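The values are calculated or read from the model by the stated rules, or taken from the named source; none is laboratory data. Small disclaimer: the values here were computed from a predicted structure and weren't measured. No Cβ is skipped: glycine too gets one built from the backbone with ideal geometry, and neighbour counts run over all protein chains shown. Surface accessibility is based on the protein's heavy atoms, side chains included, excluding ligands, DNA and RNA. Shrake-Rupley method; radii C 1.70, N 1.55, O 1.52, S 1.80 Å.
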Amino acid sequence: MSRSAHPAGPRHADVLTEGHYSAPPADLNSLDPKVWSSTVTRDKGGELTVGGLEVSRLAEEFGTPAYFLDEADFRSRCRAWADAFGRDADVFYAGKAFLSRAVVRWLHEERLNLDVCSGTELATALDAGMPAERIAFHGNNKSEAEIRRAVEAGVGRIVLDSFQEIVRVAHIAQELGKVQKAFIRVTVGVEAHTHEFIATAHEDQKFGIALAGGQAAEAVRRALKLDGLELTGIHSHIGSQIFDMAGFEVSARRVVQLLAEVRDEHGVQLPEIDLGGGLGIAYTSEDDPREPHEIAKALTEIVARECDAAGLRAPRISVEPGRAIVGPTAFTLYEVGTIKPLEGLRTYVSVDGGMSDNIRTALYDAEYSVSLVSRTSDAEPMLVRVVGKHCESGDIVVRDAFLPADLAPGDLIAVPATGAYCRSMASNYNHALRPPVVAVRDGSARVIVRRETEEDLLRLDVG
Ligand code: LLP
């Protein structure tokens, strides 16, 4: 396509009102290792490969859209987190980011623990063989049935989220003749620098019990009195996709202060603290995430310092990364359909998926990058918006990006860093069939979550 048909580069960038790309990248064919998983590269013919497999072959075998998850990369991220925190801490993978039986088995093999937040996540974990004592059970509105199931299974901890739940879990445990290990989730009053919908430690939201006004201290008081509970720690999760360590540090400091108050009032030191998840990842080259070892160092140092000052033994620390483990390990592969150049604005590139496989752009204004992956191209960059096939103008996958101006229907494009909160938040909007997750490792690919079929959908429709 001629340049005049697709005026590109700076001219387009001039009219961007909300974009983050002031100029096209120097080389549209290069793959930034920050946003792609570790085994992704281009082969001699210019095609993207993952785990040694070419995307055209993967598309042929598994169809598009599809998520391709780099198993080696997932496992190495698990190891990096486990090594960074060492033996005196526990890493819980947050299953809400993406959970499947295969993932549970990998976690088990890599000796990570698992955080679940529904009865069905719990069922998946147990079904795939995760030992119950390595599971933490979360949620702001656990049903009695869910609590019962978790206590019966013998989960390692239930994270208590309200005054009512403290009593409810204690009663159920007593009824079952058990003593349930529990943490109390507190809100530490930190304004995390992230999208409002994924910030969770300011006071005006639904999670946890506020430190402010002595509420968390009161929750501890009540929990310590109940026979069915063994209160082992305090939990705090300040939000998600956070780069700035300051919020985590304030949170750690306030949680340790509560431990000191508890020691002063009750003469007991709670042995553990859980500082939640929330570490940001690179969605575009502009993002600079922290490495697990930097996070481990910062958190353990601050906890040690605060404990020293308060005369406390350093508690055992847990963390709950979800996105930081699975996010960068997968990309979504799409086939390009309609291409619509809007003169003086940008070119709309429609793909065969959309907000049903990635709601994050519509929901959080999330930024993604995109690359042409079935071939390389020397064509001029053109400013694009990658959109889906759903009946909404907000059905945007990548708001602003550059792709080569010779992009054509049938080309394969891929959006990296879609391992977290994409399949797990996928929907059937417009009766879209949710895409498969295909694990790729050492030259072989296998479906770990299969593509939905028309029969799957129609089976639910019993009218
Ligand atoms: N622990 C707790 C108690 C959580 O609520 C969460 C995430 C995590 C750990 C893991 O956070 P991560 O390390 O993945 O940031 N759907 C949103 C993210 C919601 C996060 C909910 N809780 C998104 O797509 O950005």
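What residue, among those in segment 356-366 that are of a type outside the set (Lys, Arg) and assigned to a helix (DSSP H, G or I), is least open to solvent (accessible area, probe 1.4 Å)?
Filtering segment 356-366 for residues of a type outside the set (Lys, Arg) gives 356-359, 361-366.
So of that shortlist, the ones also assigned to a helix (DSSP H, G or I) come out as 361-364.
Numbers: Thr361: 0, Ala362: 51, Leu363: 66, Tyr364: 37 Å².
That would be Thr361.
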Here are some conditions: (1) away from the ligand (no atom under 16 Å from the Cβ); (2) small (Gly, Ala, Ser); (3) surrounded by 16 or more Cβ atoms within 10 Å (Cβ to Cβ). Ala182 meets all but one. Which one does it not meet?
(1)
Across segment 217-233, what is the number of residues that are out of contact with any Phe, Trp or Tyr (no Cβ under 6 Å at 6 or more places or on another chain) and either part of a strand (DSSP E or B) or within 12 Å of the ligand (Cβ to nearest atom) (or both)?
4
Residues to consider are Val262, Val255, Val268; find the one that is closer than 22 Å to Val190 by Cα and more than 16 Å from the ligand (Cβ to nearest atom).
Val262
Which of (1) touching a Lys or Arg at 6+ places or on another chain (Cβ under 9 Å); (2) within 30 Å of Val326 (Cβ to Cβ); (3) more than 16 Å from the ligand (Cβ to nearest atom) is the odd one out, the single condition Asp204 does not satisfy?
(1)
Only one of these conditions is not met by Ile325: (1) within 27 Å of Arg157 (Cα to Cα); (2) assigned to a loop (DSSP other than H, G, I, E, B). Which number is it?
(2)
Scanning for something open to solvent by 20 Å² or more (accessible area, probe 1.4 Å) and part of a helix (DSSP H, G or I), does segment 310-319 turn up at least one residue?
yes
Of the residues that make up segment 49-60, is at least one touching a residue at least 12 places away in the same chain (Cβ under 8 Å), in a helix (DSSP H, G or I), open to solvent by 10 Å² or more (accessible area, probe 1.4 Å) and not acidic (Asp, Glu)?
yes
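Determine, yes or no, whether Ile325 is within 16 Å of the ligand (Cβ to nearest atom), surrounded by 23 or more Cβ atoms within 10 Å (Cβ to Cβ) and not aromatic (Phe, Trp, Tyr).
Values: within 16 Å of the ligand (Cβ to nearest atom): yes; surrounded by 23 or more Cβ atoms within 10 Å (Cβ to Cβ): yes; not aromatic (Phe, Trp, Tyr): yes.
Yes: the conditions hold for Ile325.
Results for (1) crowded, with 18+ Cβ neighbours inside 10 Å; (2) more than 15 Å from the ligand (Cβ to nearest atom); (3) part of a helix (DSSP H, G or I), shown as yes or no for each residue.
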position	(1), (2), (3)
Tyr348	no, yes, no
Tyr368	yes, no, no
Ser374	yes, yes, no
Leu383	yes, yes, no
Ser393	no, yes, no
Phe402	yes, yes, no
Ala408	no, yes, no
Tyr421	yes, no, no
With respect to Thr338, determine if the residue is open to solvent by 10 Å² or more (accessible area, probe 1.4 Å), assigned by TED's automatic domain parsing to the domain that holds Val188 and more than 18 Å from the chain's Cα centre (by Cα).
no
Based on what the data block shows, is Ile302 farther than 17 Å from Ala414 by Cβ, more than 15 Å from the ligand (Cβ to nearest atom) and buried (at least 16 other Cβ atoms within 10 Å of the Cβ)?
yes
Can you pull out every residue in segment 61-73 that is buried (at least 20 other Cβ atoms within 10 Å of the Cβ) and either of a type in the set (Ser, Thr, Tyr) or under 18 Å from Glu452 (Cα atoms) (or both)?
Phe62, Thr64, Pro65, Ala66, Tyr67, Phe68, Leu69
Please list, ordered by first then second residue, the pairs with beta carbon atoms under 7 Å, 6 or more apart or interchain, first in segment 186-207 and open to solvent by less than 40 Å² (accessible area, probe 1.4 Å), second modelled with pLDDT under 65 and part of a loop (DSSP other than H, G, I, E, B).
Thr187/Ala201; Val188/Ala201; Gly189/Ala201; Val190/Ala201; Ala192/Ala201
Being more than 17 Å from the chain's Cα centre (by Cα), open to solvent by less than 30 Å² (accessible area, probe 1.4 Å) and either aromatic (Phe, Trp, Tyr) or away from the ligand (no atom under 16 Å from the Cβ) (or both) is the filter here; which residues of segment 103-122 pass it?
Glu110, Gly119
For segment 99-115, give me the residue count where each residue is on the phi < 0 side of the Ramachandran plot and not in a helix (DSSP H, G or I).
7
